Amino acid sequence: MARKAQCNALITLYDTEITRCLEQVFRDPEKAGGLVELLCEGRIEEIRMEFEGDASGFAKKLFAELKMSPLSLADEQRLYMEFMVFLQENMRNSEIHRLLKCSDEAVRRSEFKILLNHLDEFLRFTDPREVLKYLDAYPQYYDVVQVLRIEMQHLQQTLAERQQNTTGNEHIMGKLLLRTVPILGNLAIYEILFVIYFNSSQNLDEEAKSFVNRVLQLKPGQFDAFYNCH
């Protein structure tokens with residue numbers, strides 16, 4: 001199970017999947033369970049009426065209100081815990097349930113906690129295209145990288161059609177990439193940090209280098225020695 005400080009990061013990282021799961025509440029409000037306690041009495045039914053016939057729109061609105069609930073804001077673990085109960089009761093042992101539990105051996109070995117502890121900065125400094133370009137050099141990442149590249153191209157096209165803002169698009173693609181860390185394996189988080197150090201997004205090179213040194217607990221000038229040993 002994730003530590004308290006990592007709960008918000010997991011909710012942010014898997015927001016798309018979580019939103020899809022909430023479509024079940026549109027079809028069967030009884031499945032909401034403890035999630036109803038985060039909102040005013042009867043609010044979920046009001047949202048259902050507002051989005052009659054539109055499960056996707058309902059789920060997006062519900063998720064947005066759950067995140068901004070005073071109870072969720074007062075306790076960074078509350079929404080995560082209520083959603084885990086929802087998954088346990090309705091989607092037990094599904095992929096999203098397994099990923100959010102962070103109990104899978106592959107998740108533990110991948111140093112996923114490093115990402116969760118610093119998610120905002122990873123999203124700020126990671127250039128997904130540069131990371132994929134770097135991972136292309138390693139045969140063990142080939143299959144995952146090819147799938148990611150196709151997904152990103154499809155996502156770019158979808159976002160362009162919706163005319164969403166560029167910064168938001170980069171964060172969405174960043175989350176798509178960072179979610180694959182447990183799949184990519186033990187060294188993936190260090191590969192991403194390496195790319196951030198030399199090819200940060202938004203040309204934030206000095207800030208990015210400082211971030212990498214802080215995450216890896218390196219003093220200035222120790223970066224090369226660290227990677228030569230790994």
For the chain, modelled as a GNM with alpha-carbon contacts under 10 angstrom, which of F51, F211, F125 fluctuates the most? F51
GNM flexibility winner over the chain from H154, H171, H118 (Cα, springs under 10 Å): H154
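For the chain, which span is the longest to avoid every loop-located (per DSSP) member of trypsin sites (Lys or Arg not before Pro) having at most 15 other Cβ atoms inside 10 Å? Intermediate values should be presented prior to the final figure.
Numbers: sites that count: R3, R92.
Counting only loop sites that pass the neighbour cut-off, the longest clear stretch is 93-230.
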Which links in K4/K113; K61/K113; K175/K209; K31/K60; K113/K175 stretch past 18 Å when you go from one Cα to the other? K61/K113; K175/K209
R43 to I183: extension gain in nm, 0.36 nm per residue of separation minus the Cα-Cα distance? 46.6 nm
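Since every read-out is calculated from the coordinates, none of them should be taken as a lab result. None of the values given here were measured: they were computed from a predicted structure. Virtual Cβ from ideal backbone geometry, glycine too; neighbours counted across all protein chains shown.
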